[in-house]
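First up is the structure itself, then whatever we jot down about it.
The values are calculated or read from the model by the stated rules, or taken from the named source; none is laboratory data. A quick note: this is a predicted structure, and the numbers were derived from the prediction, not measured. Every residue, glycine among them, receives a Cβ derived from its backbone with ideal geometry; neighbour counts consider all protein chains shown. Surface areas here come from the heavy atoms of the whole protein model, side chains and all, with no ligands, DNA or RNA. Shrake-Rupley method; radii C 1.70, N 1.55, O 1.52, S 1.80 Å.
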Amino acid sequence: MSDDVSLPEPTPTSSDAPAYAEIALLRALPGRDALTYAVPAAWRGRVRRGMRVVAPLGTRHETGIVVALHPAPPADVAGIREIVEVLDAEAIVSDEIFELCRWSARYYLAGLADVLAVALPGGLRARSARMLRVADAAAVASNALEAAVLERVRDSDGGLTVTALDRALALPGVARAVRALVRRGALASEELRQGPSVTTRYATIVALVRTLEPAEAAALGRRAPRQLACYERLLAAPGRRLDAATLDPGDRAAARALVKRAVAERARVERYRDLGTTASPAHVPELTAAQRVAIDAVAPDAFRTFLLHGVTGSGKTEVYLRLAARTRAAGRAVLMLVPEIALTHQLVVRAQERFGETVALVHSGLAPGQRWDEWRRIARGEARVVVGTRSAIFAPLVDLGLVIVDEEHDAAYKQDEGLRYHGRDLAIVRAKLANVPVVLGSATPSVESHQQALDGKYHRLALPERVRGRPLPQVTIVDLRSPAGRPVAQGVASAAAAATPSEARESGTPLFSPVLLTAIEETLGRGEQTLLFLNRRGFASAMHCLVCGEPAGCPSCSVSLTLHRRRAALLCHHCGYARAARAAACPSCTRGTLVAMGLGTERIEAEVSARFPGARVGRLDRDTTARRGAHRRILEAWSGGKLDVLIGTQMVAKGHDVPGVTLVGVLLADVALSMPDFRAGERAFQLLTQVAGRAGRGALPGRVVVQTYRPTHHSLVAAATHDYESFAPAELATRRETAYPPFARLAVLRFEGPDFDRTGACAERLAASARAAATAQGVLLRGPAPAPLERLRGRYRWQLVLTASGARPLHETLAALQAAWRASPDARTVRLVVDVDPVSML
């Protein structure tokens, strides 16, 4: 709970207070960072930078953040309108967060409003909608679309918003038809304003305001024993206050009497929503010599980037926690980032064991109200250690002293929609702005970070061995190509007789080699746990026609639909399209029948349950974790030994420390290698090394079985021997030869439109107009060409790849291209997406 903070009322203020405000509207305007508004006289002196306000924009009202205050308006601005509402009593965006947001806007070529909308918790905008009702019952439509609009509005009960109408009709040109009908008087339109969907919760408390003398307490006990009992409860309660809602009727009466005696008082305070994560103090392990060296090397009072390269199970988390404890002892705050929501629970519990209630949690899986509560706890200094995913980089920590990025190599740190920022890179920027150290940790550092360490820009710290001298797991590569009896190389096993006839017919890929089946059986027999990894969810990756070979495809994306048998549905994992999975003729040739082909985690779960009926089997992927709290429940069952076998996608591959896991099976390592991306080899190495590292983290040794059709690929060979030192130089040599990062700066311009040819023509025109100027600055333009994922959510995608040796010429070229695009008529029908430092080339 927090002390009550009420909203300010308009009051007369001094005439010298700033009368004009720059407002960044959270519904961004392309090319405009902020608009100028007048501050009504009653609010002057009360409105401050970082507050939310409501301001008029055209015929509607929008929520914005005050970014600056001025005594006079800009000379070139006329017709300035007034803000109409102030939503906060205190600034919710600090100067430090403003500075980080401005840097992000410049670097990623986005508007400040775009960045603020990402930085702030959701649900903070006051909403505005246009409500439509029929104004002229005799009105006649001039075309079929107008007729459909009139009919839908007439059928609505009390009116319909423009957004709901557009969604219901799902036809192009609805907004244009509405405007025409409003102009002719057939429809009436009025603004419907609603407050933010996220609000602050309050509770009534009874708080002790004075303690009784012994004689006074004894007298109270004789006259009113119930009041004395209530007084003693207050005396023993944390903060000497009780939530009135927890008192029974007798206690409430006693509390009222204590208030009358001026012994206690009633107050209304904010009540934070419960996150359901608590932990008790735990044993602090002894440090290894390498851990002590790493901790001592991190100087606490200056900016520097440290790359903590430690093998899986080497105790990187303990290094993080010791550094955090040192920072907290100095009275400063700590920010700890992880790439996935699934990893936050384990780290937040470890942090709560050391730092108690001062730990806050920030990620998109929290309810909007929970995120708003955590934001306020952090901003008020009540939470001093923040654990979260990439969005936590914007957490409003007071007096930041340390930034930690776990699994720094992970692609999940890069936002792939909207503002395309990289959480790891912004973590370094935030540490630099605060002049504090930042620690990047990984068992498989990105080759970009590795090169920075080689160049001396990062200080490398090494944890080369597992704690307690535990060995790294033994890795066996199974060659899925090998026929029965064929000799194979040392350390590589044959997959002969791996699949039953039905398996081979349905999937074309053996699910389990004899080596893996035997290993699972032996592990279960010993009462130990098995982790099975396949980075592909669903039951089957596609439904193919046995006659023409065509897959069942998504109507809006250029991808195959995935069979989810439990839901009896074919789903698109990109846009969410779904249709029933029933036997049907091929939509392409109409002659064949669609059959399931390929593998998915749902199918693996079914096969394991069938082969090992006594085993307790679970699955961790996006399907099983769709409900809030599902991540935590599955991982608690897994770490608590309530599951014998866990099957999962990349969610299971990193960060989880479960001592009972002695076997890891990688069912098809080729999935990562097959991506059309220059980072495919690096990602395969990282993923396999990480998932292999889940085995043997307890007292018992671990084993890993990797099934693949490409057993000699250098990424797999290096991962099998846990050999980062041989993988990184080979990968860097390839990058240098092909002029890819870290030896070049990269950006992608992606054009998205409803028509393939027109979208490509738009991309061609922009590229042609800028190619000569870009070349003069040393920027190479590749393309434009259709994106590898050519169609997504009904829009065709073309991309233009820009490469430069430095960031400045790249950004200058991007800014010029962006400005030219906004001034072009093509921008009205085709969307341009700017992706600086792209992680995925899809």
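Quick one: in segment 34-48, of everything that is out of contact with any Ser or Thr (no Cβ under 9 Å at 6 or more places or on another chain) and more than 18 Å from Gly58 (Cβ to Cβ), which residue is most open to solvent (accessible area, probe 1.4 Å)?
So, considering only residues that are out of contact with any Ser or Thr (no Cβ under 9 Å at 6 or more places or on another chain) and more than 18 Å from Gly58 (Cβ to Cβ), the one most open to solvent (accessible area, probe 1.4 Å) is Arg48.
Quick one: count up the residues across segment 262-282 that are among the aliphatic types (A, V, I, L, M), surrounded by 11 or more Cβ atoms within 10 Å (Cβ to Cβ) and within 21 Å of Ala207 (Cα to Cα).
4
Does Arg106 satisfy the condition of being within 33 Å of the chain's Cα centre (by Cα), under 30 Å from Leu419 (Cα atoms) and at pLDDT below 85?
When the stated conditions are applied, Arg106 does not pass them.
Taking only segment 626-642 into account, find how many residues are closer than 20 Å to Asn535 by Cα and part of a loop (DSSP other than H, G, I, E, B).
Matching residues across segment 626-642 total 1.
Which is farther than 17 Å from Ala680 by Cα and open to solvent by less than 10 Å² (accessible area, probe 1.4 Å), of Ala747, Ala699?
When all the criteria are applied, what remains is Ala747.
Within segment 69-86, how many residues turn out to be within 11 Å of Val47 (Cβ to Cβ) and touching a residue at least 60 places away in the same chain (Cβ under 8 Å)?
Summing the residues that are within 11 Å of Val47 (Cβ to Cβ) and touching a residue at least 60 places away in the same chain (Cβ under 8 Å) in segment 69-86 gives 2.
Counting only residues that are part of a strand (DSSP E or B) and within 35 Å of the chain's Cα centre (by Cα), which one in segment 30-48 is modelled with the lowest pLDDT?
Arg32
Considering each of Leu667, Leu599, Leu635 in turn, give the residue that is at pLDDT 85 or above and either crowded, with 17+ Cβ neighbours inside 10 Å or hydrophobic (A, V, I, L, M, F, W, C) (or both).
Checking each option against the conditions leaves just Leu667.
Tally the residues that are among the β-branched types (Val, Ile, Thr) and open to solvent by less than 20 Å² (accessible area, probe 1.4 Å), restricting the search to segment 816-833.
Here the count works out to 2.
Just to be sure I understand the filter: pairs with C-beta atoms under 7 Å, separated by 6 or more residues or on different chains, first member in segment 562-587 and of a type in the set (Phe, Trp, Tyr), second member at pLDDT 75 or above and surrounded by fewer than 17 Cβ atoms within 10 Å (Cβ to Cβ). Which pairs pass?
Tyr577/Pro555; Tyr577/Ser556
For residues in segment 764-789 being touching a helix residue (DSSP H, G or I) at 6+ places or on another chain (Cβ under 8 Å) and in contact (Cβ under 8 Å) with a residue 60 or more places away in the chain, which is nearest to Ala680 (Cα to Cα)?
Checking each candidate, the answer is Leu766.
I want to confirm something. Restricting to segment 217-236 and keeping residues that are open to solvent by less than 70 Å² (accessible area, probe 1.4 Å) and without any contact (Cβ under 8 Å) to a residue 24 or more places away in the chain, which single residue is nearest to Ala89 (Cα to Cα)?
Leu228
I'd like to know if segment 709-729 contains one or more residues that are in contact (Cβ under 8 Å) with a residue 12 or more places away in the chain, open to solvent by less than 10 Å² (accessible area, probe 1.4 Å), polar (S, T, N, Q) and within 16 Å of Val447 (Cα to Cα).
Within segment 709-729 (the criterion being in contact (Cβ under 8 Å) with a residue 12 or more places away in the chain, open to solvent by less than 10 Å² (accessible area, probe 1.4 Å), polar (S, T, N, Q) and within 16 Å of Val447 (Cα to Cα)), the answer is yes, since at least one residue qualifies.
Every residue in segment 429-449 that is more than 21 Å from the chain's Cα centre (by Cα) and either assigned to a helix (DSSP H, G or I) or not β-branched (Val, Ile, Thr) (or both), please.
Lys432, Leu433, Ala434, Asn435, Pro437, Ala443, Val447, Glu448, Ser449
Of the numbered conditions (1) part of a loop (DSSP other than H, G, I, E, B); (2) under 14 Å from the mean Cα position of the chain (by Cα), Arg371 satisfies every one except a single condition; which is it?
(1)
I'd like the full set of residues that are over 22 Å from Ile92 (Cβ atoms), open to solvent by less than 30 Å² (accessible area, probe 1.4 Å) and either of a type in the set (Val, Ile, Thr) or in contact with a Pro (Cβ under 7 Å, 6 or more places away or on another chain) (or both), limited to segment 332-380.
Result: Val338, Thr344, Val348.
Got at least one residue in segment 681-692 being among the acidic types (Asp, Glu), in contact with a strand residue (DSSP E or B) (Cβ under 8 Å, 6 or more places away or on another chain), open to solvent by less than 30 Å² (accessible area, probe 1.4 Å) and more than 24 Å from Gly365 (Cα to Cα)?
no
Condition check: of a type in the set (A, V, I, L, M, F, W, C) and open to solvent by less than 10 Å² (accessible area, probe 1.4 Å). Does Val447 satisfy that?
yes
When Tyr107 is evaluated against the numbered criteria (1) under 19 Å from Ala21 (Cα atoms); (2) in contact with a helix residue (DSSP H, G or I) (Cβ under 8 Å, 6 or more places away or on another chain); (3) not basic (Lys, Arg), which criterion, by number, is the only one it fails?
Result: Tyr107 passes all but (1).
Consider Val403 carefully, then state whether it is open to solvent by less than 10 Å² (accessible area, probe 1.4 Å), under 22 Å from Lys316 (Cβ atoms) and touching a Pro at 6+ places or on another chain (Cβ under 8 Å).
Yes, satisfied.
Please work out which residue is most open to solvent (accessible area, probe 1.4 Å), limiting yourself to segment 769-815 and to residues that are among the hydrophobic types (A, V, I, L, M, F, W, C), at pLDDT 90 or above and over 15 Å from Met841 (Cβ atoms).
Step by step, filter segment 769-815, then rank; the result is Leu780.
If you check Arg152 against the conditions, is it free of Cβ contacts under 8 Å to residues at least 24 places away in the same chain, part of a helix (DSSP H, G or I) and under 20 Å from Arg60 (Cβ atoms)?
Answer is no for this residue.
When only residues in segment 49-87 that are part of a loop (DSSP other than H, G, I, E, B), within 17 Å of Glu191 (Cα to Cα) and touching a strand residue (DSSP E or B) at 6+ places or on another chain (Cβ under 7 Å) count, which is most open to solvent (accessible area, probe 1.4 Å)?
Filtering first and then ranking leaves Thr59.
Can you spot a residue in segment 211-219 that is among the charged types (D, E, K, R) and closer than 30 Å to Asp248 by Cα?
Looking for residues that are among the charged types (D, E, K, R) and closer than 30 Å to Asp248 by Cα, one finds at least one in segment 211-219, hence yes.
Say we look at segment 88-140 and pick out the residues that are of a type in the set (Phe, Trp, Tyr) and crowded, with 17+ Cβ neighbours inside 10 Å; which of these is nearest to Arg822 (Cα to Cα)?
Checked segment 88-140; the qualifying residue nearest to Arg822 (Cα to Cα) is Tyr108.
Do you know which of the residues in segment 450-467 that are under 21 Å from Arg697 (Cα atoms) and assigned to a loop (DSSP other than H, G, I, E, B) is least open to solvent (accessible area, probe 1.4 Å)?
Looking at the filtered set, the residue picked out is Arg466.
Could you count how many residues in segment 641-663 are modelled with pLDDT under 85, open to solvent by less than 20 Å² (accessible area, probe 1.4 Å) and among the hydrophobic types (A, V, I, L, M, F, W, C)?
Number of matching residues: 3.
Can you work out which of the residues in segment 178-192 that are among the hydrophobic types (A, V, I, L, M, F, W, C) and open to solvent by less than 50 Å² (accessible area, probe 1.4 Å) is farthest from Gly159 (Cα to Cα)?
Ala180
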